[in-house]
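In what follows, a structure is listed as structure tokens, so that the remarks can point back to it.
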Amino acid sequence: MSAAPKAAIALLVLMALVPPLAAAIGDPFLTVIATRMAVFAIAALSLDLILGYGALVSFGHAAYLGLGAYAVAVCARHGITDLVVQMAAGAGAAAVFAAVSGAISLRTRGIYFIMITLAFGQMAYFFFVSLSAYGGDDGTSLAARSTLLGRDWLENDTAFFYVVLACLALAYGGLHRLVHARFGRVLIGTRESELRMRAIGYRPFRYRLAAYVISGMICAVAGVLLANQTEYVSPAYMAWTRSGELIVMLLLGGIGTLAGAMAGALVTVGLEELLAGWSEHWRLGFGLILLAVVLWSPAGLAGLVRRLLPGDRA
Amino acid sequence: MRMANLFLLQLLNGAQFGILLFLVAAGLTLVFGIMDFINLAHGVLYMLGAYLMAMFALATGSFWLGLLLALGATLAVGLVLEWAVFRRLYDRPHLDQVLATFALLLILSEGVKILWGSAPLNVAMPELLSGSVPLAGPLRYPVYRIAIIAAGLATALGLWWLITRTRAGMLLRAGASNRPMVAALGVDISRLFMLVFALGAMLAGFAGALVSPVLSVDPGMGDQILILTFVVIVIGGVGSVKGAFAGALLVGIVDTVGRIFGPIWLKLVMDPAAAAQAGRVLAPMLIYLLMAAVLSWRPNGLFGRPS
């Protein structure tokens, strides 16, 4: 139990060392990749809450990434450039969408749930594709990054990275407390046996819906940061393959462990950058690796590490 | 009168689209219903059918020979995929199935891009089915689209006969309702699965091959149809071929008619500019709203069994 927070803290500290390292070896692109990793780590953490702890396989989670990103574009268009306000707007929009779509999706189980969340994700995708005021299919570029306390600090890549890392640490800390609190215990209980939870007087639906909404809100914050990192907003952020990638991150890191979700995001983004550097057909290699992991190491990289190093974790 | 003609035309287009959706959905819903298996790579088989059709039609110079070869090839691909990957996943949780088939989707669609490039391909329409026939008054309709509807209906009829009137169909239905019992009675269930899977793959490939002269063949076509197929299956009820048929026609018609008539009907209640904008935004979302409505009314779809 105590190994997980240690691993997560080690991961965060290691990431904090990236900008000085990048400066030392003179490769500023390293910080940009690390920023991307941290953004997707937040998204993966949020998905882990419902998928890992609630066993709700959502295949439309990228929609919340997109809602956050569009919150930046919409706010900026109306002259609101403050990062915190934009995050609140994105999280608010995500909460409404998650509450409505979740209330319908959570009436179903298993394969139905997977397909319905996928369909709601596509619905959001097509909404933004046809929204010509914001570039439709092509998306729209942002004039500048968001401001913080009225200053343009985020224009500096290193400063922006530390802001993202702080958000990641907050998300991890908050979720860690949440899953170890009564709420998390009930959620895990519904994952293990819905019938027993009902028998001792809980209503699983309420807990699941609450988790679904919280998860969407956190993912929207990641979307706000993603839009700022690329300074560009497009429906491609909410493509269904992106939702698939988020699940892949959890699988690679080990589902249902918060530290694993973060590690999985780091590995996935790193792997994508590495393979994309070799060939434009990098998805082929990525698919082959993913297939091999699913067929032969279902517990992900964490499971592989655990098997190779017996006795390392109790 | 012109409005009525336009409506009839769109209704036919919608039915044709729905029939194609049914061909893809039939295989997927059987695999869902009988094996409780979710296959994200099913759309790739549709795309593969179109690409193989383009390749064989060009190589042989004949539409019909190309179609035959494409059908055989997608059947073979289905068998190989089942043998190499899918049979290892039947007893795994849904999440593993989703991820493994997602991986297959990445591999196959990237493989298609490597083999045939990203530029769209075209398939020549057969001489016999080109041209159009008079429909009502000045209205004409392309023969090829009528042929698609006819071929789809014939396939649906054949499937119905296979499932309700043959021994294989009986085993299939039995397998769907109680798998261990059928196995205990001495039926080779894994061979049955393999056949169902290959049949589904061939149907998806058939749909892809059929549509290739009408649409351009491009690497993104599999993704689009996959999501629509999911909507069809959810509306119709997982595992029900009848439901897939009803759902497919419903989705095909609502989507096609909604895109054309949505803005026209909206103009009756708001000013033209706003109606055009709202119509453009709402039309692609229409089938998802339809799905949400059906599900809040019947969580297991129109013809689904209560779980």
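The values are calculated or read from the model by the stated rules, or taken from the named source; none is laboratory data. For clarity, every value in this text was computed on a predicted model and none was experimentally measured. Note that each Cβ is placed from the backbone with ideal geometry, even for glycine, and that neighbours are counted across all protein chains shown. Just the protein is used for accessible areas: all its heavy atoms, side chains included, with ligands, DNA and RNA removed. Shrake-Rupley method; radii C 1.70, N 1.55, O 1.52, S 1.80 Å.
Below are the figures for this structure:
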{"read-out": "Index of the failed condition, A:Ala62 passing every other in (1) under 30 Å from A:Arg107 (Cα atoms); (2) surrounded by fewer than 24 Cβ atoms within 10 Å (Cβ to Cβ)", "value": "(2)"}
{"read-out": "Identity of the residue in region A:174-191, open to solvent by less than 30 Å² (accessible area, probe 1.4 Å) and touching a Phe, Trp or Tyr at 6+ places or on another chain (Cβ under 8 Å), that ends up nearest to A:Ile218 (Cα to Cα)", "value": "A:Val179"}
{"read-out": "For B:Gly239: the one exception among (1) assigned to a helix (DSSP H, G or I); (2) closer than 18 Å to B:Thr155 by Cα; (3) within 14 Å of another protein chain (Cβ to nearest Cβ); (4) open to solvent by 10 Å² or more (accessible area, probe 1.4 Å)", "value": "(1)"}
{"read-out": "Residue list for region A:136-151, restricted to those being open to solvent by less than 80 Å² (accessible area, probe 1.4 Å) and farther than 18 Å from A:Val224 by Cβ", "value": "A:Gly136"}
{"read-out": "Among the residues listed as A:Tyr207, A:Tyr202, A:Tyr237, the single one being of a type in the set (Phe, Trp, Tyr), in a loop (DSSP other than H, G, I, E, B) and touching a residue at least 12 places away in the same chain (Cβ under 8 Å)", "value": "A:Tyr202"}
{"read-out": "Leading residue by the ranking (nearest to the chain's Cα centre (by Cα)) among those in region A:264-282 that are away from chain B (no Cβ under 14 Å) and farther than 30 Å from B:Gly117 by Cβ", "value": "A:Ala265"}
{"read-out": "Hey, A:Leu154 buried (at least 20 other Cβ atoms within 10 Å of the Cβ), within 14 Å of chain B (Cβ to nearest Cβ) and not small (Gly, Ala, Ser) or not", "value": "no"}
{"read-out": "Residue in region B:62-82 that is more than 22 Å from the chain's Cα centre (by Cα) and within 14 Å of chain A (Cβ to nearest Cβ) present", "value": "no"}
{"read-out": "Yes/no for A:Tyr112 being of a type in the set (Ser, Thr, Tyr), at pLDDT below 85 and open to solvent by 10 Å² or more (accessible area, probe 1.4 Å)", "value": "yes"}
{"read-out": "Set A:Ala169, A:Ala143: member being in a loop (DSSP other than H, G, I, E, B), more than 24 Å from B:Ala278 (Cα to Cα) and either away from chain B (no Cβ under 14 Å) or touching a residue at least 60 places away in the same chain (Cβ under 8 Å) (or both)", "value": "A:Ala143"}
{"read-out": "Check on A:Met87, farther than 20 Å from A:Ala55 by Cβ, more than 7 Å from every other protein chain (Cβ to nearest Cβ) and either open to solvent by 10 Å² or more (accessible area, probe 1.4 Å) or of a type in the set (S, T, N, Q) (or both)", "value": "yes"}
{"read-out": "Test for B:Pro306: is it closer than 30 Å to B:Glu127 by Cβ and either in contact with a Lys or Arg (Cβ under 6 Å, 6 or more places away or on another chain) or modelled with pLDDT under 85 (or both)", "value": "no"}
{"read-out": "Scan of region B:258-297 for residues that are touching a residue at least 60 places away in the same chain (Cβ under 8 Å) and either at the interface with another protein chain (Cβ under 10 Å from one of its Cβ atoms) or part of a loop (DSSP other than H, G, I, E, B) (or both), ordered by number", "value": "B:Met291, B:Leu295"}
{"read-out": "A:Val224 vs. criteria open to solvent by less than 20 Å² (accessible area, probe 1.4 Å), more than 23 Å from A:Arg107 (Cα to Cα) and β-branched (Val, Ile, Thr)", "value": "yes"}
{"read-out": "Members of region B:86-110 that are at pLDDT 90 or above, open to solvent by 20 Å² or more (accessible area, probe 1.4 Å) and within 7 Å of another protein chain (Cβ to nearest Cβ)", "value": "B:Ile107"}
{"read-out": "Test result for B:Val143, among the aliphatic types (A, V, I, L, M) and without any contact (Cβ under 8 Å) to a residue 40 or more places away in the chain", "value": "yes"}
{"read-out": "Conditions (1) more than 13 Å from every other protein chain (Cβ to nearest Cβ); (2) not in a helix (DSSP H, G or I): number failed by B:Asn300", "value": "(1)"}
{"read-out": "Some residue of region B:4-17 being surrounded by fewer than 17 Cβ atoms within 10 Å (Cβ to Cβ), in a helix (DSSP H, G or I) and without any contact (Cβ under 8 Å) to a residue 24 or more places away in the chain", "value": "yes"}
{"read-out": "Members of region B:22-61 found to be assigned to a helix (DSSP H, G or I), over 12 Å from B:Gly208 (Cβ atoms), of a type in the set (Gly, Ala, Ser) and within 14 Å of chain A (Cβ to nearest Cβ), listed by number", "value": "B:Ala25, B:Gly33"}
{"read-out": "Residue that is farthest from the other protein chains (Cβ to nearest Cβ) [pool: residues in region A:232-263 that are under 11 Å from the mean Cα position of the chain (by Cα) and open to solvent by 10 Å² or more (accessible area, probe 1.4 Å)]", "value": "A:Arg242"}
{"read-out": "B:Asp96 vs. criteria outside any helix (DSSP H, G or I) and over 19 Å from the mean Cα position of the chain (by Cα)", "value": "no"}
{"read-out": "Close pairs from region B:48-60: first over 15 Å from B:Ser109 (Cβ atoms), partner polar (S, T, N, Q), Cβ under 7 Å, at least 6 apart", "value": "B:Met53/B:Ser212; B:Ala54/B:Ser212"}
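For (1) at positive phi; (2) open to solvent by less than 10 Å² (accessible area, probe 1.4 Å); (3) at pLDDT 85 or above, each residue gets a yes or a no:
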| position | (1), (2), (3) |
| --- | --- |
| A:Ala10 | no, no, yes |
| A:Val13 | no, no, yes |
| A:Ala22 | no, yes, no |
| A:Leu30 | no, no, yes |
| A:Ala38 | no, yes, yes |
| A:Asp48 | no, yes, yes |
| A:Leu56 | no, yes, yes |
